[in-house]
Every structure is written in structure tokens, then in C-alpha cells.
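Where a number appears in this text, it was derived from the coordinates with a stated rule and is not lab data. None of the values given here were measured: they were computed from a predicted structure. When we count neighbours, we look across all protein chains shown, and the Cβ atoms used for this are built from the backbone with ideal geometry, even at glycine.
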Amino acid sequence: MKAKAKPAKPSAPHRQSISQHLRYSLGTPEKHATLPSLYEATALAVRDHLIDKMMETEARYEKKKAKRVYYLSLEFLMGRSLGNNLYNLGLFEDFAQSLTDMGADIDEVRAQEHDAALGNGGLGRLAACFLDSMATLGLAGYGYGINYEFGLFKQEIDNGYQKEKPDNWLGDGTPWQITRPQEQCIIPVYGRIVHAKDRDGNYNPMWMDWKTLIGVPHDMPVAGYGGNTVNTLRLYAAKSSDDFDMDIFNTGDYLRAVEQKMTSETVSKVLYPSDAMESGRELRLVQEYFFVACAIRDIVNRHLKNYKTFNTFADRVAIQLNDTHPALAVAELMRLLVDEHALSWDRAWTITRATFAYTNHTLLPEALEKWPVGLMEYVLPRHMQIIFEINHRFLDEVKAKWPGDTGRLAAMSIIEESHPRQVRMAHLAIIGSHSVNGVAALHSELVKTELLPDFYALYPKRFNNKTNGVTPRRWLYKANPDLTSLITRHIGDSWVTQMDRIADLAPLSRDAAFQDEFAAVKRANKEVLAQTIWDTCRLTVSPDSLFTIHAKRIHEYKRQLLCLLHIIHQYLEIAEGGKTPEVPRTYIFAGKAAPGYEAAKRIIKLINSVAETVNSDERVGDALKVAFIPDYRVSLAEKIIPAADLSVQISTAGKEASGTGNMKFAMNGALTIGTLDGANIEIMEEVGEENIFIFGLTAGEVQAIRASHNYRPWEIAETNPAIKRVLDALGTGRFSPDAPGRFIPVCESLLSKYDPYLHLADLSAYITAQEQVEACYATPDIWMEKAILNVARMGKFSSDRTIMEYAKDIWNATPQV
Ligand code: 26V
């Protein structure tokens, strides 16, 4: 029997939808469509699918009485959405075809999209990966945050220096959001407390004369892979209330009243671009409170609508605090329960504690949030009272456990008795939560033993670890389509949602044909990056050289300087020692420095200065190239990471809580050169010591050196001629002929016994490890075997695994599929 011809698939199934959005949403006939309008219309066509699925998802959650999980975060580093949504909805091919039929190329259309850069780095991107995993797993997870009008600044490089430019990503709005003005909420702020009594004579403080902010929700659909679940990220924009300050209007000062209105709209204007705490920044405190107050109202309203009682609140609601930035939520929920819903303090406290959980993301003292008591009293007088009450009751608990131990009392109090007195947000978060977690095994141990030993002694069961992960959908499937199809051709595609299945690749690691294909994919990705380097830096680099990539925020603890010192060493070996390295190398840096962080900005200037010297030295030729690619962001990371041979993860041991870039690189077949810090340790455990280049001091050794006060970096320089030569070059203006003294401060910090990052202590081991890297790279089949094994052994680092651990151990939530 003859097989019947299959009915032809309707070509371009989405063309009509795109065309209609061009016409009716944008007022453009198809024949006049430009790339930006095509992007907009395509996004709107995709959004229609998302909205249908979002409504289905919400109905399913209601029907199943799903436990809701709320992820509160001041940052969500979402990047671009079009490609990701198309892949997750399974519509990529169809839309690509539709656009082809309209005479457009989907990649060009996708490139129109502006990144949603509502975050600084790791912490914000982790939140975005978690949203992807919650939706993919079918967990009823909601993100809550701020709809910043300006995301993280754009970075330009001018004469080697970083220049910041505003990132007006919203412009006239984004197709990925649904604005819901009908669900706006009113948030009181400022004002004073009147100490009143109720009819029964009980103390009944009243918060009076507050001003109001209005929070308008903007919902971003979050599609899980497979398209079954579409969750919501709800971002609030601040709007002024029409009666923001009626008193001023009434006194006839019209212009001052309008000025006040404008001030209130600045609340959601801009993301703070630094992870260093500036505790006097009133606007940042208002931001934190504003969004927390909007979120808690929304969460409580949704619960009461479904259940009408607070009895079931903690059974039906889990709230995760992404660092301490949303920690005011503890006080806000207490205020709502006690002041507005008349629950007793004890009952409200039981509910609050059972609801909240807190994730710590850093041990660095400068990032730990503290707010002056006076500022908090001025902005949030009622919350400050509540925090004092929480503290009072907590200190009673401490006294009962350690009678007479006043030192411990002072150390554990929410209030630091300094000048001025400060509210320690981490203490509030810990006391108000039933779970406190770190983000990698080492980090979680250090949280218990170094950062918060007293709290660990008081509440040992509260502390736990949740090693970070990243979503394989964005960081492998989408970012590296050629590797994806190679993997899938050999082992199927189950790894996309069950990342541990990627282990099936391991037997292919020594297969010569597979190695060739794997190498070809890497080579093609390097060619794409080489083109980007040409486009952005006007520098030619060879895809045959070993691409070594150090891409992350510029921070002294991440030790971009250590990487540079080795590059300078290698440069001097070539230029002065006449040596040729075993393999040609390209060193690629990318990352932003906080605008006020002088030392970090100087590192950027130094990278660019070294690049200029090295790249133009004829003696070096093609042996060594250095590039700094400007404006590191999610969409650039998606291009950089798949092209890496070697991933640089060299923070001072004990300083990097986890790192997540380390996971993304390894997942894409880069080997890691790294210290025993953060998740590097767990990556080593997974891939095997022979498949990673580990060097340097351990966290324990770093601590011992610090404790001994015996760090003598100048002795290292004096006894090691190679290191001395590097520092001399730096200090004598070799890389700054126009200003020979420019980098003397760098030398001084490296040679100081106070260098907290112990650069010189690790330099010699780092140079040796780099020599091992080169020897290995010179033997391609061995290198490829290791690279393939790295990919195959990354199963643990899917954020799906991380999220399932949060769901089981902390949230008591189950997937609703
Ligand atoms: C702190 C502050 C302080 C107030 C001003 C604004 C601001 C913004 C961010 C931060 C948090 C810094 C902590 C952080 O980003 N930690 C990173 O979290 C990643 C995800 O867990 C982890 O992989 C990185 O190792 C860790 O540095």
C-alpha cells in the first residue's frame, strides 16, 4: 500500500498573528515593517500564547489549592525574553519560519531586544534561573520585585576607562509586561506614631500623617520548558498618589506639591548598581520597603480570597527572602497581622516565622545591610517599633539560654549599639525565619562557623545549604544550539529537564569522532566570539588560540588582578625572555565595576592598558592577545560562555559564596582554573580532580594567614624574580607611559601586608597551574576528553535540582502538573 502523502504543514502558522499585531497594536502595515517593529509584533504574538497559558496555570493552582511560593528579590536579571520564551513554548521553529516567510531573519529580530538588566550580577541572575526552574517543574512560584525604569548602567570604555550610561530599557514600555492598574495598592510611608489606647485600655499605637506611594503591578509571564506552566514575575512601579501631600496643596504651594509627586515616582526609577552598603541612602530603604509592602499585601489578599482565614497561611504560603534586601517583609507581615487584622502578637509571630526563609549570599562585611535607627524611625516609624518589640522578645530568649552573657546579647541584638545605632537586617531575617541557607557547601559552613556562630548555637536546625544551580534551558539549550543538537543527537533530549541524564555523554568522551564534532562546535562558537571582539574592540584574535575567559563583576576579591599578573608575566617572558608559550593564547575579560568603586575601575583601566601594550608589541605577534569586551550582560554572556576553552574562577578562598558563572562555563565544555572556593569545590568533586585545574590556598589557610598577622608579600616578590619583574613593570609605568605612576597604587596594595585578597600568596601556584593548562591544551584529544567529561558531569548544577531541594526542605511545596 502506498503511503498517503502527509498534509502539508500550513506554512508560517504565526504569520497572521505577527501581521495583525503589526497592524492593530503598532499601526504599521506589514510592507512597512522595520526590524524593531517586527520584533515588537513578534513579541506581542508570543505574549498572546503566554497569557493563555498563564491563565490556565493560575486556574490549575486554584483548583489544586497549590502551596504558593513567593521569591522576594530586589533584583531579577532576566536578559532577553523572545528566544527563551519561543524555546520554552516549543514555538521557535514555527516562528522562525513565519518570519522567514515575511522576509525577515529570526536572529536579526531577536537581536533587537534590549536586555532586562534588573540586577547587578550573580544574585539577580540566580533569581531569574530559579523562576525558570519553578515554572519548568510546575511549582506555583511567583517572583516579586521592582520594575526599575533604569536597569544596571550600560558600560562604555573611553580611553581604557569605564564610563556609565543610563540604561533606559523600558523606553516606551516592553511587550513582555502586562500592566495592571486596577490592582494597584497604596503604601503608607513616613509620618509619626500616636501612642493611643483602645477601648479596653490596651496600648494601641496609631501610625498617622503618613504620605502615600502607589504601587502598580507589571506582570511578566515566565514560561516553563514544555509550555505547560506559565508563572508570573510581578514587578511594581511607584506612582504618586493624587493626594500625595494634600497639606501642601491646601496651603496653596502648588509647585512644591508637584515636586513632591515627582519625588515619589523616583522610588522605582533606578537599580542601585553596587553591592556595597551605603547605609544612609534613604531612597534605597524606601525602595526596599515599597516593594515589600506591595508584595505582602498581594500575597495576603490572594490567600484570604481563597481561604478566608490566617489559620492556614503558613501551610499555603512560603516566602523566600533573596538576601536581606526584602527583610522588612518580616516587620510588614507582623504589622499587617497585628495592626490591621487584630491577631495576637504570639499568633502573628508563629505564622510569620513559619512563612519566611532567608538566603544569605555573601560573607563580605561591606555587603551586609545595616540601617541607622534614626532613618528607619523617620521613614517607617511603626516598623521600627515592631522591630524593637521583636528584638526585645528575642533578647529574652538569649538571656534565658545564656544568663549573664552580655557580650553575646550585644552581638546578637538586631540593634547594633554603635554611633549611630544601626538595625542589622541579617539578624531580623534570621530571627523572623524558620530557615537560613547559604548557597554552596563551603559557604554554608562559613555562615555557621564564621559569620553567625551565635545564631547557629541558638538555632542549629535552622541552618542549611542549598548549592546554587543555573538553568540548562538558557545556558545550554538556548545559548549553545550547536552543542545542544550534538548532545541530543547522541543521547536524546531528556537532559533538558532532567539534567542528570547528561551523564550519558560520559562514554563518548574518548570517542574520536565525537571529540571531533565537539571540537568543531567549540571552534564555531569561538569564531562567533572572535567576530564580536572585532566588532567591539577592533582586535583580531585567532580561534585557534586558547580562549581564557574571566567574565564577572570587577571586584578585588574576584582577583582579576591575579589573572593580569600572570598575563604580564607571560608577556615579559616572550618580550624579554624570548620564550614562546606552548600554545597561543587569547585572554578575554568582561565585567562592570560599581560606579563608586575606585580600585575596581582602576583594574579596568589596567586591563585595557596591558591589552594595548601586549596587542601592539611586534615581538609578541599572535602568541598573546588581551581583550576587554565592554558591557557584560546576560545576552553577551550567552555569546561569551559557549566560546570558552578555559574558565577563570580564582577568588580568594572563602570569599566567593558560590559563583554561578563557573557552572555555566563548565556546562558549555570549558575547563576551569580555580581556587577551592564557593561551588568550585563541588564542581571539582563532580568532574574529578584530574579534569579541573585547582591551585592556591584553602579557606582555612587564608584564615590562618590572616589570624597570624604574618603575611609578607614583599618577601614573595624579593625571593621570586619572575614576580619581582612583573611588579617592577607595573610600578615603573610599563603599561602607562603617559603617566608612569598610574599603577603604583596597585603595586602598593599587592605588596601590603593588609592585602585582604592575598594575591601574591597565590601567584606562583597560579602560574604553575597555567603551565599545566598549556601542556594539556597542546594534546587536543586529552583536552577534549576532559571538556566532554565536564559537560557530562554538570548534572548537579541545574537549578532544577536546587529548586527541588528548596521545595522539599524549606517550602514543603510540590510540583502541580
Ligand atoms: C548587596 C547590596 C547591599 C546594598 C546595596 C545593594 C546591594 C546589592 C547586592 C548585594 C548582594 C551581594 C551579594 C551577592 O551578589 N552575592 C552573590 O550571590 C550569588 C548567588 O548566590 C553567588 O553565586 C555569588 O558568589 C555571590 O557573590
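Nearest 5 percent is fine: what portion of the DSSP beta bridges confined to the chain is antiparallel? Beta bridges within the chain, antiparallel portion: roughly 45 percent. About its Cα centre, segment 597-689 has a charge dipole of approximately 420 debye under the convention of +1 per Lys or Arg Cβ and -1 per Asp or Glu Cβ, with nothing else charged. What the phi angles of segment 407-413 give under the Karplus curve with 6.51, -1.76 and 1.60, with θ = phi - 60°, is a coupling list of x, 5, 4, 5, 5, 9, 4 Hz, glycine and proline written as x.
Evaluate the relative contact order of the chain (contact order divided by residue number), counting alpha-carbon pairs under 8 angstrom at least 6 apart; express in whole percent. After rounding, I find 13 percent. Value of Rg to Rh for segment 81-201, rounded to two decimals, is 1.14; Kirkwood radius and Rg both from alpha-carbon coordinates. Restricting the trypsin sites (Lys or Arg not before Pro) of segment 296-360 to loop positions (DSSP other than H, G, I, E, B) with no more than 14 neighbouring Cβ atoms within 10 Å leaves LYS308. Among LEU72, PHE153, LEU131, whose Cα projects farthest towards the positive end of the dipole of segment 44-154, with charges put on the beta-carbon of Lys, Arg (+1) and Asp, Glu (-1)? The residue sitting farthest along the positive end of the dipole is LEU72. Across all directions, the average flat footprint of the convex hull enclosing the Cα atoms of the chain is 40.6 nm².
Between the residues PRO365, ILE387, GLY659, the greatest Cα displacement towards the positive end of the dipole of the chain, with unit charges on the Cβ of Lys, Arg, Asp and Glu, is found for ILE387. Stick to Cα atoms and the Kirkwood definition of Rh, then tell me Rg/Rh for segment 473-563. Looking at segment 473-563, the ratio lands at 1.05. Here segment 303-368 was treated as a single set of alpha-carbon atoms; its pair distances binned every 10 Å from 0 give 20, 47, 23, 9, 1 percent. Only the Cβ atoms of Lys and Arg (+1) and of Asp and Glu (-1) were treated as charged; on that basis the dipole of segment 439-562 about its Cα centre amounts to roughly 440 debye. Projecting the Cα positions of LEU442, GLY432, LEU452 onto the charge dipole of segment 421-463 (unit charges on Cβ atoms of Lys, Arg, Asp and Glu, taken about the Cα centre) puts GLY432 furthest along the positive direction.
Here the Karplus relation 6.51 cos²θ - 1.76 cosθ + 1.60, evaluated at θ = phi - 60°, turns the backbone of segment 641-658 into coupling constants of 4, x, 9, 7, 8, 10, 9, 9, 9, 10, 4, 4, 4, x, 9, 8, 3, 9 Hz, with x for every Gly and Pro. Quick note on segment 263-396: its Rg to Rh ratio, both from C-alpha atoms and Rh being the Kirkwood radius, is 0.97. Taken one residue at a time, the phi angles of segment 602-617 give Karplus couplings (6.51, -1.76, 1.60, θ = phi - 60°) of 5, 5, 4, 4, 5, 4, 5, 6, 4, 4, 4, 5, 5, 5, 9, 8 Hz. Gly and Pro are set to x. Along its first, second and third principal axes, ordered by size, segment 526-616 spans 39, 32, 20 Å in Cα coordinates.
With charges only on Cβ, +1 for K and R and -1 for D and E, what is the dipole size of the chain about its Cα centre, in debye, rounded to 20?
Using only the charged Cβ atoms, the result is roughly 1800 debye.
Where the centre of each part is set by its Cα atoms, how far does segment 272-319 sit from segment 75-105, in angstrom? Computed from Cα coordinates, the inter-centre distance equals 33 Å. Stretching ALA775 away from LEU395 to a fully extended chain increases their span by 130.9 nm, per 0.36 nm per residue minus the current alpha-carbon distance.
For segment 726-776, applying the loop criterion from DSSP together with a ceiling of 13 other beta carbons within 10 Å to the chymotrypsin sites (Phe, Trp or Tyr not before Pro) yields TYR754.
Only Cα pairs under 8 Å and 6+ residues apart enter the sum, and on that basis the relative contact order of segment 401-506 stands at 17 percent. Count Lys and Arg as plus one, Asp and Glu as minus one, and take only other residues whose Cβ is under 11 Å from that of THR814; the net charge is then +3. Averaging the sequence gap over all C-alpha pairs within less than 8 Å and six or more residues apart, then dividing by the number of residues, gives segment 433-557 a relative contact order of 15 percent.
Here, segment 700-817 has an Rg and a Dmax of 22.5, 65 Å when only alpha carbons are counted.
Tell me the mean residue ellipticity at 222 nm calculated for the chain from its helices only (DSSP H runs of n ≥ 4, each -39500 (n - 2.57), averaged over every residue, nearest 500).
Details: 32 runs with 363 residues, N = 817.
Mean residue ellipticity, 222 nm, calculated: -13500 deg cm²/dmol.
Are there trypsin sites (Lys or Arg not before Pro) in segment 727-758 that DSSP puts in a loop and that have at most 14 other Cβ atoms within 10 Å, and which ones?
Here the sparse-neighbourhood loop sites are LYS753.
Taking every DSSP bridge with both residues inside segment 68-166, close to 65 percent are antiparallel. Short to long, the 10 Å bins of the Cα pair-distance histogram for segment 351-454 hold 14, 43, 37, 6 percent of all pairs.
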